[in-house]
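Every number here is computed from the coordinates shown, using simple stated rules; none is lab data. All values reported here derive from a predicted model rather than from experimental measurement. Cβ coordinates were reconstructed from backbone atoms using ideal geometry, including for glycine residues, and neighbour counts include every protein chain displayed.
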Amino acid sequence: MILAPLGFPRFHPCPSNKATTLRKEPILHLPYPNPITISTMSSPSSSSSNPPTPPEPSTMPSYSRAEGRNVHIFNANDPDTVLGGLILTNGVTNANLYAMVEIIVIVTSEYFLRNEGNIKIEKDDHPLQPGKYYIVAASKFLHNCSFICR
């Protein structure tokens with residue numbers, strides 16, 4: 001017998017030598033617990049209404065999502081502003097980096113990547129190397145930070 005709250009039938013595979021079929025099992029319906037009512041009454045110890053105190057600032061150190069990244073992506077025309085980056089792992093290729101760039105920026109013209117040694121990076125299956133990469137485009141492009149900037 002299968003236990004389930006009211007309105008939730010349970011099905012399970014029926015073992016057989018042929019194709020698996022579904023068999024409806026008898027269900028013991030369990031009543032839902034009574035809803036809990038939350039009261040807004042003040043505590044007996046407070047006799048007057050005090051305004052709420054603002055929360056204290058957090059003493060926890062802030063977390064930098066960029067910490068540990070060893071690949072950084074920049075606009076070649078603004079090399080001081082990081083557009084994105086990643087922590088390089090085994091198997092990431094130059095072609096993967098191009099695909100990632102097309103997620104974080106909207107490019108309307110041909111573009112290529114170059115490294116900090118000013119060498120053009122081909123869109124191939126060679127392993128990506130740690131370092132700084134610059135997007136070189138014939139026209140301006142839009143940094144799509146809607147899901148990146150938090």
How high is the FRET efficiency from residue 123 to residue 65, r the C-beta distance, R0 41 Å, rounded to 0.05?
-> 0.95
Could you calculate the contour length gain from residue 81 to residue 102, that is, 0.36 nm times the residue separation minus the distance between their Cα atoms, to one decimal place in nm?
-> 5.8 nm
